[in-house]
Each structure stands twice: as C-alpha cells, then as structure tokens.
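Input: a single structure, listed below in structure tokens.
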Amino acid sequence: MASIVLRIRLTSGDHLDVSYEEPDAADEDEVVAHAVAVLAGEAGMLQCRHGDRLLVLYARGVAAIEIAPRGAVL
C-alpha cells in the first residue's frame with residue numbers, strides 16, 4: 001500500500017492537507033497518477049483522510065493540488 005499527502009487549495013482560497021492511500025499501488029508515483037486521474041474524471045470524487053476523519057474530496061471545489069514533500073504536512 002502506498003500513500004501520499006496532498007495540500008488541496010479550494011476554490012474559496014482555503015487549503016487543507018489530506019492523506020490518500022491506494023492499496024493496489026506499488027509506489028507514490030502510481031498513487032499520484034491515480035489521484036489526478038480520479039479527480040479529472042467525470043465523477044471527480046476522491047476518498048481521503050484529514051487527521052482521524054474520513055472525507056470525500058469533490059473535484060469541482062479544488063483549485064490546485066500540491067503533493068508532499070514540498071509543502072503539505074499533516
């Protein structure tokens with residue numbers, strides 16, 4: 001299982017750091033590719049964690065995504 005941390009910049013200007021795991025992925029590059037593909041898809045929903053909370057991220061509210069280790073820290 002590989003996981004990544006994403007800093008999500010919302011269309012409102014706020015940001016939030018979430019973690020995303022992909023059980024079938026071998027490395028972080030696959031997880032990044034999958035997360036971007038899901039958000040670019042028609043449904044555009046990604047199940048993530050924010051601390052202990054499970055959340056669903058909808059692409060229509062996302063303005064930008066930054067991938068750790070550049071800035072997102074949980």
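The values are calculated or read from the model by the stated rules, or taken from the named source; none is laboratory data. For clarity, every value in this text was computed on a predicted model and none was experimentally measured. Cβ sites come from the backbone with ideal geometry, for glycine too, and all protein chains shown count toward neighbours.
Residues in the stretch 19-29 that are at pLDDT 85 or above and surrounded by fewer than 14 Cβ atoms within 10 Å (Cβ to Cβ): 21, 23, 24, 27, 29. Contact map, the stretch 41-57: first residue on the phi > 0 side of the Ramachandran plot, second residue basic (Lys, Arg) and assigned to a strand (DSSP E or B), Cβ cut-off under 6 Å, separation 6 or more or different chains; the map is empty. Would you be able to say whether some residue in the stretch 37-50 is of a type in the set (Gly, Ala, Ser), assigned to a strand (DSSP E or B) and either crowded, with 17+ Cβ neighbours inside 10 Å or out of contact with any Leu (no Cβ under 7 Å at 6 or more places or on another chain) (or both)? No, the stretch 37-50 contains no residue that is of a type in the set (Gly, Ala, Ser), assigned to a strand (DSSP E or B) and either crowded, with 17+ Cβ neighbours inside 10 Å or out of contact with any Leu (no Cβ under 7 Å at 6 or more places or on another chain) (or both). Can you spot a residue in the stretch 60-72 that is part of a loop (DSSP other than H, G, I, E, B) and modelled with pLDDT of 90 or more? No, there is no match, as no residue in the stretch 60-72 is part of a loop (DSSP other than H, G, I, E, B) and modelled with pLDDT of 90 or more.
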